[in-house]
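Comments concern the structure below.
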Amino acid sequence: MKRTLLSLFLLAALTTGASSAAESEAVTATVDASKTGPPIAPYVYGQFVEHIGNIIYSALWSEMLDDRKFYYPVAPKPSDESESSQRGPGGGRRRGLGPGRWNPIGPVDSVFMDTNNPWVGDHSPVIKLAGSEDRGIRQTGINFINGETYKGRIQLAGDADAKVSISVIFGTNAAAPRQTIAQPGRLQPSYKKYPFSFKAEHSGPAQLEISATGTGSFRIGAVSLMPAANLQGFRLDAIAALKSLRSGVYRFPGGNFVSAHEWRDAIGDPDKRPPVFDPVWSAVQQNDIGTDEFIILCSLLGVEPYITVNAGFGDAWSAAQLVEYANGSGASPMGKLRAANGHPMPYGVKFWGIGNEAWGDWQFGAMSLNQFAVKHNQFAKAMRKVDPTITLIASGAMPDTMTGSKQSLRFGTNLVPAYLGPGDWTGGLLSKCFDNFDLISEHFYNYGGTHFSLTEGRQVANAADEPVTDWMRRPANHIRIKYEEYKEYEKLLPKLVTHPKPLNIDEWAYTGNSRYPTYPAYAWVFQEMFRHSGVIQMAGFTFATSLLARDGTNAAALNANGLVFKIYRDHFGVIPVEVSGNSPQPKPNDPPGGEQPAVNAGSDTFPVDVVAAWTEDHRALTVGILNPTDLEQPLKLNLAGANLSGKGVLWRLASAESNGQNPVISDSPMDSMPDSLTLPRFSVSIYELSVR
């Protein structure tokens, strides 16, 4: 598209850090509400959660103890680890850090690990008693809140003469106040579960001790401690914040994690699920959050579950069994197992992904395209045999992904693979597996300090004088390039036009060093998705937990990026309408390929970006305007094709701080819609206009 004099002026201004409109001609956006597009799916607001180390457990789960099933032997605390180093930045524990979570009380050799008859996993601690001398195990670095109630359980066995006490020490030294919270009484030779509860008498760092006097020994199988105020194990504050986003869909359990994950290890009695070492992310997984807990999480959040099956080290039979466990009747073998685990009714999981990034050499079970196409088809047929109604999602990688990851060079000599060639993973799945999936998964990640240079074939540092709009546009450009590539597939595979395979961007994020606040960049992603609602119908942000911030009390709330999700989900429409303008986005400086589309993302209203949509009931027209720049921007707005009352509400996400940090959502009623607007720097404005 030919650039106007205005857009050339603006591009030059932005290159030097300015971003104001030309005085000769105002930037104008024209909204024609009579020209509509395919509906915006609620699933584009979706989220992704993965067992990377401890992020799910620390952000969403209420468990307060590390290594609660004793993956590591009980041992003295490492000498180089201070009490403060055991706590995360919000005051909570950092789990999965290695041995030394549990420390002996008494001589080191008074505790040994029983490998012959462990309660769960490879071993369980046995404590040898010595009369009146207190012996047992201790965990430090736990944080309590004064007056709050906490509940726990412990699996114990031992000799009848062992007198066990469970105590809390409110402090970091032996002289700190002590509260004995449970005395289980006479132990039995076989393990038995003992519940306990207490009200904290102090706030701050504390210790939990499990000790005994008497003769003989006692054994500990598993121990758990949570705030009594939880939702089936999940944190109240995190659930409340994430539920407010109404995200549509959540993807689980991976991600790279899934390719070495055995789903059967994470069902049944949580205390009997073996702790395992995850080789993908080099961390211990307690397996406390598995399929059943994920379904509970989705129910609490009011979203659809989307389960990815292990097509790395996994097999089609195991994937089909998981489908049966989730969706099978109570009469089926896996349905009976689900019922025995306390969930008699089928879950009815609709969305199922087959594998994760099998095209990447980092992936456990990575293989050639030809091999994976066979594997995908095996999985699809086995899973649909169990439940023909499920929606299957293939694990794709278009040429941009294969280029930016340089995985294209594993399958040929061209960094930018030819469409449908050996380095085009998505093209191969479309060619070889077309009838065996419904949507195709795509991933992208952009980085705040670097970008992929097609000329150099690698990530390079961004220019110091990079225009703010270029920095903000990077992730939206990735949406644009996915759309362009899909349109190329339609030309090469005409059946894709009559039998679409919509895109599911089920991993995406803008991460790394941030020159500017990232929330306007995320807003641009959404607006680019809305423009291509017929092609992009699902997404999963990496990660849902990264949309949370913790305040001084360690309570969760939405951060700035989370507010972007909220303002669009709550206030933007669902039936997109046409937007045109007189100021096209600048032409790309780089050749298309990698991260660069042929046409830059955005509406013809540079330097701002405008989208519009009807609400589902057509009772209001919404206009979304993003100012991604660091200066106020003027805009003239023309509205056509709708009989509007003139009244409405302006919803705005903006910051009062010069650097754009700590933005808030505000609302203000409007008696009339002005045709000339002034848009604050780094702002998202959604005008909700009522019809007559």
Checklist entry - What about Q407, is it out of contact with any Lys or Arg (no Cβ under 8 Å at 6 or more places or on another chain), surrounded by fewer than 23 Cβ atoms within 10 Å (Cβ to Cβ), over 25 Å from T605 (Cα atoms) and at pLDDT 95 or above? => result yes
Next on the checklist: Return the residues of segment 276-290 that are touching a residue at least 24 places away in the same chain (Cβ under 8 Å), crowded, with 21+ Cβ neighbours inside 10 Å and touching a strand residue (DSSP E or B) at 6+ places or on another chain (Cβ under 7 Å); say none if nothing qualifies.
Outcome noted: V284, Q285, I289
Checklist entry - Is segment 605-618 home to any residue that is touching a residue at least 40 places away in the same chain (Cβ under 8 Å) and farther than 25 Å from L650 by Cβ? => result no
Checklist entry - Exactly one of (1) closer than 30 Å to H571 by Cβ; (2) open to solvent by 10 Å² or more (accessible area, probe 1.4 Å) is unmet by C298. Its number? => result (2)
Next on the checklist: Let me confirm something: among P177, P205, which residue is modelled with pLDDT under 95, within 31 Å of the chain's Cα centre (by Cα) and either aliphatic (A, V, I, L, M) or more than 29 Å from P118 (Cβ to Cβ) (or both)?
Outcome noted: P205
Item to check | Pair list, Cβ under 7 Å, 6 or more apart: segment 575-594 residue farther than 20 Å from T605 by Cβ and free of Cβ contacts under 8 Å to residues at least 60 places away in the same chain, other residue open to solvent by 40 Å² or more (accessible area, probe 1.4 Å) and of a type in the set (D, E) | outcome: none
Checklist entry - Of all residues in segment 149-175, how many are open to solvent by 70 Å² or more (accessible area, probe 1.4 Å), assigned to a strand (DSSP E or B) and closer than 24 Å to S217 by Cβ? => result 1
Next on the checklist: among the aromatic types (F, W, Y), open to solvent by less than 10 Å² (accessible area, probe 1.4 Å), at pLDDT 95 or above and under 21 Å from A162 (Cβ atoms): which single residue out of F196, F218 fits that description?
Outcome noted: F218
Checklist entry - Considering segment 435-458 alone, what residues qualify as being outside any strand (DSSP E or B), modelled with pLDDT under 95 and open to solvent by 10 Å² or more (accessible area, probe 1.4 Å)? => result G449, L454, T455, E456, G457
Checklist entry - Do we have any residue at all in segment 295-302 that's among the small types (G, A, S) and in contact with a helix residue (DSSP H, G or I) (Cβ under 7 Å, 6 or more places away or on another chain)? => result yes
Checklist entry - Do any residues in segment 479-498 that are closer than 12 Å to L430 by Cβ have Cβ atoms under 8 Å from those of residues that are exposed (fewer than 13 other Cβ atoms within 10 Å of the Cβ) and of a type in the set (A, V, I, L, M, F, W, C), where the two are at least six apart or on different chains, and which pairs are they? => result E490/V497
Checklist entry - Under the condition of being of a type in the set (A, V, I, L, M, F, W, C) and in a strand (DSSP E or B), which residue from segment 645-657 is nearest to the chain's Cα centre (by Cα)? => result L653
Checklist entry - Name the strands (runs of 3 or more DSSP E) wholly within segment 192-287 that hold at least 3 residues that are within 16 Å of W61 (Cα to Cα) and charged (D, E, K, R)? => result none
Item to check | Residue satisfying condition, being open to solvent by less than 70 Å² (accessible area, probe 1.4 Å) and of a type in the set (D, E), within set E209, E201 | outcome: E209
Checklist entry - Out of S683, S690, S676, S668, which single residue is among the hydroxyl-bearing types (S, T, Y) and surrounded by 19 or more Cβ atoms within 10 Å (Cβ to Cβ)? => result S683
Checklist outcome for this item: Expected single match for within 22 Å of E357 (Cβ to Cβ) and of a type in the set (S, T, Y) among Y510, Y519 is Y510
Next on the checklist: Condition check: part of a strand (DSSP E or B) and out of contact with any strand residue (DSSP E or B) (no Cβ under 7 Å at 6 or more places or on another chain). Does G660 satisfy that?
Outcome noted: no
Checklist entry - Name the pairs: first residue in segment 649-665 and among the basic types (K, R), second residue not in a strand (DSSP E or B), Cβ to Cβ under 9 Å, at least 6 apart or on different chains? => result R652/I567; R652/P680
Item to check | Any chance V258 is surrounded by 22 or more Cβ atoms within 10 Å (Cβ to Cβ), among the aliphatic types (A, V, I, L, M), closer than 30 Å to F572 by Cβ and in contact (Cβ under 8 Å) with a residue 40 or more places away in the chain | outcome: no
Item to check | All positions within segment 484-540 that are in a helix (DSSP H, G or I), open to solvent by 10 Å² or more (accessible area, probe 1.4 Å) and over 19 Å from Q596 (Cα atoms) | outcome: E490, K491, L492, K495, V497, T498
Item to check | Filter pass, T401 being crowded, with 18+ Cβ neighbours inside 10 Å and either assigned to a helix (DSSP H, G or I) or in contact (Cβ under 8 Å) with a residue 24 or more places away in the chain (or both) | outcome: yes
Item to check | Qualifying positions in segment 299-321 - of a type outside the set (S, T, Y), free of Cβ contacts under 8 Å to residues at least 60 places away in the same chain and closer than 16 Å to G254 by Cβ | outcome: P305, I307, N310, G312, F313, G314
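The values are calculated or read from the model by the stated rules, or taken from the named source; none is laboratory data. All values reported here derive from a predicted model rather than from experimental measurement. Using ideal geometry, Cβ is built from the backbone for each residue, glycine included, and neighbour counts are taken over all protein chains shown. We work out accessible area using only protein heavy atoms, side chains counted, and drop any ligands, DNA or RNA first. Shrake-Rupley method; radii C 1.70, N 1.55, O 1.52, S 1.80 Å.
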